[in-house]
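**Student:** Below: one structure in structure tokens.
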Amino acid sequence: VSMVQKEPTGAPGLAAAGATAAATATVEVRLSRRRWAVVLLFSSYSLCNAFQWIQYSSINNIFAHFYEVNAFAIDWLSMSYMLTYIPLLFPVAWLLDKRGLRLIALVGSALNALGAWVKLGSLKPHLFPVTVLGQVICSLAQVFILGMPSRIASVWFGSHEVSTACSIAVFGNQLGIAVGFLVPPVLVPNVKDVEKLAYHISIMFFMTAGVATALFILVVIVFKEKPLHPPSRAQALIRSRPTEDYCYRRSILQLLRNTNFLLLMVTYGLNTGCFYALSTLLSRMVIRHYPGEEVNAGRIGLTIVLSGMVGALISGIWLDRTKTYKQTTLAVYVMSLVGMVVYTFTLSLGHLWVVFVTAGVLGFFMTGYLPLGFEFAAELTYPESEGTSSGLLNVSAQIFGIAFTISQGQIMDRFGTKEGNLFLCSFLFLGTIMTAFIKADLRRQEANLDNEQT
């Protein structure tokens, strides 16, 4: 049993009078057994949503043939996820702060299932608008998913495991992208007969809808708002703060005045935007150099994401052990840049195995960076809501993702894939320089340490 007796000096935003009075009260800190079920369930429906994001782009040419539209129209099915997120972040982040985790989980998993069922009504070539509607509903679900990993980790997990938990929550989304690269090329072969194509697409859509519905039912049964006892001293301090002390608008203004967080927001957007563009355009890139290799294009995407998931887990465990947020973030950023440069100059060599290796190295660092960004933001902005800080990071990522996907696609069409990839390399270089200027102001760690000493 741990007692919370003192407000941390490095946590601006707590109202002095209310927090001091509440913090002097004794608060029991205890871990809940349910925490692993909560994070794994979230990870699972996040996986299903991410699969639906990339399922069109991983077989871009097949869907373009089926719906009789161009490749850019199929790219927009992925970019709809990015576009929807930007205006809806603030209302959803406000809901997360006002109504809590359970409501956000219910709405996110329900919309994910609804979108999957709507897509089943688009199994004829002239019904492209219906599949767009289904994808837009799934993109709405994503707004209720992307900002939650660091919030779930903080609310449910202890200070010694919070980064690992955040990595597991992000892990599901990345696994969904991996499955989205692997499964569609296998389930939907490149056949010219439209009737056969509709049959194969229907199998994929039915499976997705079934899984999404089962996960929604599990969320209704299993997902709780928060554990009975706070899992860490930092959480105990936040719970002790009177409700009237919290103002959502003031919280956002606090974040936007935080120079270190603003730098992180831009650098996170640059890195993750490059990843979104690379994922969306990967199939087009590979098929341009290796015609007829749709299945291997999907496997290369799978390799990027699987190696990235390993990177994400390792970085989460490393952060929990060392707390070296700034050094780890900078090192991973530098290696993402190196991986992107190597991938750019080896894609056209004519050896698929080389592309697999370089893509794996790139994915290990570029995807491994995602939970690092969330956790570093939570440290820099404590005691502000993790949902708001990670939401702002994601808005930055979506804006850069749309810009990079459109720009790189145009550059590839006019000049070639190497020039398109060099375009991404230049922005990763800029992000590396900016990351070096972020100061490691670890407020959440200071809160935990202050209270341990007390």
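The values are calculated or read from the model by the stated rules, or taken from the named source; none is laboratory data. No experiment lies behind these values; they were computed from the predicted model shown. FYI the Cβ positions are ideal-geometry reconstructions off the backbone, even for glycines, and counts take in every protein chain you see. Each accessible area value is taken on the protein alone, full model and side chains, heavy atoms only, with ligands, DNA and RNA left out. Shrake-Rupley method; radii C 1.70, N 1.55, O 1.52, S 1.80 Å.
**Student:** Could you list, in sequence order, the residues of the range 80-118 that are of a type outside the set (A, V, I, L, M, F, W, C) and either closer than 17 Å to S46 by Cα or open to solvent by less than 50 Å² (accessible area, probe 1.4 Å) (or both)?
**Tutor:** Of everything in the range 80-118, those that are of a type outside the set (A, V, I, L, M, F, W, C) and either closer than 17 Å to S46 by Cα or open to solvent by less than 50 Å² (accessible area, probe 1.4 Å) (or both) turn out to be S80, Y81, T84, Y85, D97, G100, R102, G108, S109, N112, G115.
**Student:** Assess whether G172 counts as being buried (at least 23 other Cβ atoms within 10 Å of the Cβ) and under 30 Å from K323 (Cβ atoms).
**Tutor:** yes
**Student:** Does any residue in the range 40-56 that is under 17 Å from W117 (Cβ atoms) come within less than 7 Å, Cβ to Cβ, of a residue that is not in a helix (DSSP H, G or I) six or more places away or on a different chain, and which pairs are these?
**Tutor:** N49/I145
**Student:** So, one more: Just checking, which of S163, S150, S139 is open to solvent by less than 10 Å² (accessible area, probe 1.4 Å) and out of contact with any Asp or Glu (no Cβ under 9 Å at 6 or more places or on another chain)?
**Tutor:** From the options S163, S150, S139, the qualifying one is S139.
Residues are listed down the side, and each one gets a yes or a no for (1) touching a Lys or Arg at 6+ places or on another chain (Cβ under 7 Å); (2) without any contact (Cβ under 8 Å) to a residue 60 or more places away in the chain; (3) assigned by the TED database to the domain that holds W76; (4) under 17 Å from F171 (Cβ atoms):
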residue	(1), (2), (3), (4)
I300	no, no, no, no
L313	no, no, no, yes
L319	no, no, no, yes
K323	no, no, no, no
T329	no, no, no, no
V357	no, yes, no, no
M366	no, no, no, yes
T381	no, no, no, no
E384	no, no, no, no
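**Student:** Within the range 189-239, take every residue that is open to solvent by 60 Å² or more (accessible area, probe 1.4 Å) and within 21 Å of H160 (Cα to Cα) and give me the one that is nearest to the chain's Cα centre (by Cα).
**Tutor:** So the residue we want is K226.
**Student:** Those residues that are hydrophobic (A, V, I, L, M, F, W, C) and closer than 21 Å to C48 by Cα, I need them from the range 69-85; list them, please.
**Tutor:** The answer is I74, W76, L77, M79, M82, L83.
**Student:** Would you check which residues across the range 25-79 are within 27 Å of P291 (Cα to Cα) and open to solvent by 10 Å² or more (accessible area, probe 1.4 Å) and list them?
**Tutor:** The answer is F51, W53, N61, A64, H65, E68, V69, N70, A71, F72, A73, W76.
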